[in-house]
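Colleague: Just passing along the structure, written as structure tokens.
The values are calculated or read from the model by the stated rules, or taken from the named source; none is laboratory data. If you're wondering where the values come from, they're calculated on a predicted model, not measured in any experiment. Cβ coordinates were reconstructed from backbone atoms using ideal geometry, including for glycine residues, and neighbour counts include every protein chain displayed.
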Amino acid sequence: MAYDPYKALYLHIPFCVKRCGYCDFATQAVERDAPVIDEYVESLVMDIRRASKEGKLGALETVYLGGGTPSHIGMGRLSSLLYALAMSMHLEPEVECTMEANPESLTEAMVRDIWALGVNRLSLGVQSFDDAVLRILGRAHDGDGARRAIAAAQTRFQNVSVDLMCGIPGQSAESFAESVREAVALGATHVSVYPLTIEPHTPFDRAVMRGEMAEPDEDTEAEAMEGARRILEGAGFHRYEVASYARPGFESRHNTAYWTGVPYLGIGRSAVTMTQNAERRMRVQDGRVVDDLGARQMAAEDLMLSMRMARGVSDERVARATVVLGDETACAVFDELVALGLAEHRDGRWRPTERGWLCGNELYGRLLDLAP
Ligand code: SF4
């Protein structure tokens, strides 16, 4: 059986100016003029052209250049990549094309050039506007750098997303709330809010093990997330996913594709490709199959992913999943989630509650358990 066309494309740029203390992403700190970046970009361009020849780019609706730090590689290399994309697919204004950038490497000139080459959404890794917090995180920018980057982005882009982080040891509740307020005041149209997690083998992990850093406190993080919700909703943003807030019309279509079971193509080191048809879903990373799901597991995963989104899942989708899963357990599990306060049922849809999002592991785990 043929596979469904890819609707989303992710391009990974695995380079940063320095490594942040908490980061476990696939990236390395290299000088901006390092030849390794040129070689990598060249191979990405070849991969893009190859994917185009193989007919994989014909139905794309979103493109995302992520990292790492795409802005770190400089405009010359970004031009090659964006030009190769424009020659290989229909990079029209209807296609959402996002680039991640960090404040220390985003310039006004770069903003003008990437916009002219088809990027129409910028996602800025700000994390905080508080210099003391940024130093703890080991970020390469300060608060003023972040403010400058947002202003630079807005010389061309209306669609500017700001990432913020809470639960950082040494970050007060007021410092975090002030960063959320500042992102709103500076005119961000989309804000992502993430609690810090201590990933294995990172400098933060080692500091926690040595007793030099306190582990993030779950209750503090939950309060911070709740505080962010109040500020952002009060300012006219709506929370459309557990960590994502947008002004109406500025929701990330690319990220939504990940949460709605849409096939995506990943190009570059560590980028994941998800290929599927009605019977099978496979995820492949660096040539290795990392996930191979049958129809029942796909149905359970789709229910789980839907509950990351505020709109949740419709009765009809649950009924369809029930047919695939082969018994009535899907409905029973949703009833159980309601009894546990993790979900609610209204207007023909099952939606996550605030508590459901805070206890995400339990909510998502119960749905995945429908087809282990
Ligand atoms: S800038 Fe982002 S990708 Fe790069 S090291 Fe820091 S957290 Fe990781």
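Colleague: When you scan region 79-86, do you find a residue that is more than 21 Å from residue 284 (Cβ to Cβ), within 16 Å of the ligand (Cβ to nearest atom) and of a type outside the set (Asp, Glu), even just one?
Modeller: No, every residue in region 79-86 fails to be more than 21 Å from residue 284 (Cβ to Cβ), within 16 Å of the ligand (Cβ to nearest atom) and of a type outside the set (Asp, Glu).
Colleague: Could you name every one of the helices (runs of 4 or more DSSP H) located completely within region 291-372 that has at least 3 residues being touching a residue at least 12 places away in the same chain (Cβ under 8 Å), farther than 23 Å from residue 252 by Cα and not β-branched (Val, Ile, Thr)? Give the steps one after another, and end with the answer.
Modeller: Values: elements: 295-306, 315-325, 329-339, 354-358, 360-368.
It comes to 295-306, 315-325, 329-339, 360-368.
Colleague: Filtering region 12-33 down to residues that are more than 10 Å from the ligand (Cβ to nearest atom) and touching a strand residue (DSSP E or B) at 6+ places or on another chain (Cβ under 8 Å), which residue is nearest to residue 70 (Cα to Cα)?
Modeller: Looking at residues that are more than 10 Å from the ligand (Cβ to nearest atom) and touching a strand residue (DSSP E or B) at 6+ places or on another chain (Cβ under 8 Å), I get 12.
Colleague: What residue, among those in region 137-163 that are within 13 Å of the ligand (Cβ to nearest atom) and in contact (Cβ under 8 Å) with a residue 60 or more places away in the chain, is surrounded by the fewest Cβ atoms within 10 Å (Cβ to Cβ)?
Modeller: 138
Colleague: Against the definition (within 16 Å of the ligand (Cβ to nearest atom), surrounded by fewer than 23 Cβ atoms within 10 Å (Cβ to Cβ), hydroxyl-bearing (Ser, Thr, Tyr) and at pLDDT 95 or above), how does residue 71 come out, yes or no?
Modeller: no
Colleague: Which residues, taken from region 218-272, are closer than 18 Å to residue 195 by Cβ, out of contact with any strand residue (DSSP E or B) (no Cβ under 9 Å at 6 or more places or on another chain) and at pLDDT 95 or above?
Modeller: 230, 231
Colleague: If you don't mind, another one. Evaluate region 262-278: report whether one residue or more is farther than 18 Å from residue 364 by Cα, of a type in the set (Gly, Ala, Ser) and surrounded by fewer than 18 Cβ atoms within 10 Å (Cβ to Cβ).
Modeller: There is at least one residue in region 262-278 that is farther than 18 Å from residue 364 by Cα, of a type in the set (Gly, Ala, Ser) and surrounded by fewer than 18 Cβ atoms within 10 Å (Cβ to Cβ).
Colleague: Next question. Looking only at helices (runs of 4 or more DSSP H) that fall completely inside region 154-266, which ones have 1 or more residues that are touching a helix residue (DSSP H, G or I) at 6+ places or on another chain (Cβ under 7 Å)?
Modeller: Qualifying helices (runs of 4 or more DSSP H): 173-185, 218-234, 253-259.
Colleague: How many residues, within region 100-116, are away from the ligand (no atom under 16 Å from the Cβ), closer than 19 Å to residue 66 by Cβ and either part of a loop (DSSP other than H, G, I, E, B) or not assigned by TED's automatic domain parsing to the domain that holds residue 160 (or both)?
Modeller: Within region 100-116, residues that are away from the ligand (no atom under 16 Å from the Cβ), closer than 19 Å to residue 66 by Cβ and either part of a loop (DSSP other than H, G, I, E, B) or not assigned by TED's automatic domain parsing to the domain that holds residue 160 (or both) number 0.
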